[in-house]
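Step one of this worksheet: look at the structure below.
The values are calculated or read from the model by the stated rules, or taken from the named source; none is laboratory data. In this text the structure is predicted, and so the values were computed from the model without any measurement. Neighbour counts are summed over all protein chains in view; Cβ atoms, including those assigned to glycine, are modelled from backbone coordinates with ideal geometry. Protein only, heavy atoms only, side chains kept; ligands, DNA and RNA dropped before computing areas. Shrake-Rupley method; radii C 1.70, N 1.55, O 1.52, S 1.80 Å.
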Amino acid sequence: MSIRTGIVGISGFGGGEALRLIASHPSFELVYAAGEGSAGARLIDRFPGVPRALADTVIQKWDPETLPELDLLFASLPTGKAAEALARVPARVKIVDIGGDHRHVAGWTYGLADVWPERIAGQSRVANPGCFPVATLTALAPLLASGLIDTGNIVIDAKTGISGAGRGGGDGRFGFAETNENLIPYGLLRHIHMPEMETTIALLGGASAAGLVFTSHLVPMTRGLLVTIYARGRATTAECLEAARAFYAERPFVRVTDQPPQSKWASGSNLAFVSYAADPARNLVMALGLVDNLGKGAAGHAVQNANLMLGLPETAGLEGAPLWP
């Protein structure tokens, strides 16, 4: 089966990762690549290692009115740049929006694939979760579903690699001299992912996520995203691990580990790692979530969602092992 596939925003880090995965996908055929500043260039000019069959594909200027015949479209555009244009894409074309314009928006399914796969199957409009929410919610979902922690006053301490800023996000803050040997907090109190996490935590836990605190940090590595989460609950470490193993027993991409995960464990993959440490005497549960911010945090998750939407094996095109070292 050949599924005619397009990518919008192909020159960015998320779009480039989608290209890498689609190029080796057993069912997806890339027939359309679009961008803004890269329009008119060939894929090989932007990605010298692209497979030969795709090398001479010309990047088009993004215009939903001139789309070729497509079955599936991945949109990897900056938040705020996708909603109007994607509304003009024909209904017959299935869309996965990797950007932030459609998360928890009417008419779009929130694509938290490892938690709610049944909600995604057969849908035509799916909003990929953000990278920080993926790591956070994957770690919290089993605890919230089992009632092991309170939904209120959760504190999230997050670290991400520089590619999370996007290829077009550089304004001098993301160059080597600025980021090497440096640790940079950003988005304090008003990070763009806060509303998404508050809404989803409330849905998972059945109560308000009031008091949620989220602090993000940029660390000097290319890929990787690790969250350490502090919540209130009387569960033991063993109970948290048991709940997570039961919750994700049938899920192919989530690994529950006894030891705290490290960023390289997921590099270049669609895996998510979760772990827990708890002290009932202190009414404290710590949850840790780890993903590759471009894999499970973006393009890998998008391909997983597309597989679910189209009735394909969920793992199609995503079974490669992480890069090590």
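Of note:
- Candidates LEU67, LEU54, LEU43 - the one that is among the hydrophobic types (A, V, I, L, M, F, W, C) and closer than 23 Å to ALA91 by Cα: LEU67
- Here the condition is being within 30 Å of LEU30 (Cβ to Cβ), in contact (Cβ under 8 Å) with a residue 24 or more places away in the chain and touching a helix residue (DSSP H, G or I) at 6+ places or on another chain (Cβ under 6 Å); of ALA277, ALA316, it holds for ALA316 alone.
- Some residue of region 128-144 being farther than 23 Å from VAL105 by Cα, among the small types (Gly, Ala, Ser), out of contact with any Cys (no Cβ under 9 Å at 6 or more places or on another chain) and in contact (Cβ under 8 Å) with a residue 24 or more places away in the chain: yes
- Selection status of ASN307, open to solvent by less than 20 Å² (accessible area, probe 1.4 Å), on the phi < 0 side of the Ramachandran plot and outside any helix (DSSP H, G or I): no
- Top-ranked residue of region 241-261 - restricted to ones that are of a type in the set (D, E, K, R) and outside any strand (DSSP E or B), ranked as most open to solvent (accessible area, probe 1.4 Å): GLU250
- ALA316, sole failed condition from (1) in contact with a strand residue (DSSP E or B) (Cβ under 9 Å, 6 or more places away or on another chain); (2) of a type outside the set (S, T, N, Q); (3) open to solvent by less than 40 Å² (accessible area, probe 1.4 Å); (4) closer than 28 Å to VAL155 by Cα: (4)
- Of all residues in region 16-35 being part of a loop (DSSP other than H, G, I, E, B) and buried (at least 17 other Cβ atoms within 10 Å of the Cβ), the one that is nearest to the chain's Cα centre (by Cα): HIS25
- Between ALA165, ALA106, ALA158, the distinction of being within 26 Å of ALA87 (Cα to Cα), under 15 Å from the mean Cα position of the chain (by Cα) and among the hydrophobic types (A, V, I, L, M, F, W, C) belongs to ALA165 only.
- Within region 36-47, residues that are in a helix (DSSP H, G or I) have Cβ atoms under 6 Å from residues that are open to solvent by less than 40 Å² (accessible area, probe 1.4 Å) and modelled with pLDDT of 95 or more in these pairs: LEU43/VAL50; LEU43/LEU54; LEU43/THR57; ILE44/VAL50; ILE44/ALA55, counting only partners at least 6 apart in sequence or on another chain.
- LYS296 satisfies every condition listed in (1) of a type outside the set (Gly, Ala, Ser); (2) buried (at least 22 other Cβ atoms within 10 Å of the Cβ); (3) out of contact with any Gly (no Cβ under 9 Å at 6 or more places or on another chain); (4) in a strand (DSSP E or B) except (4).
- If you go through region 262-293 and keep only what is open to solvent by less than 10 Å² (accessible area, probe 1.4 Å) and within 30 Å of PRO78 (Cβ to Cβ), you end up with ALA266, SER269, ASN270, ALA272, VAL274, ALA287, GLY289, LEU290, VAL291, ASP292, ASN293.
- The conditions of being out of contact with any Pro (no Cβ under 6 Å at 6 or more places or on another chain), farther than 20 Å from MET286 by Cα, open to solvent by 10 Å² or more (accessible area, probe 1.4 Å) and at pLDDT 95 or above are not met by THR228.
- Listed by position, the strands (runs of 3 or more DSSP E) inside region 78-172 whose residues that are touching a Leu at 6+ places or on another chain (Cβ under 7 Å), buried (at least 24 other Cβ atoms within 10 Å of the Cβ) and of a type in the set (S, T, N, Q) number at least 3 form an empty set.
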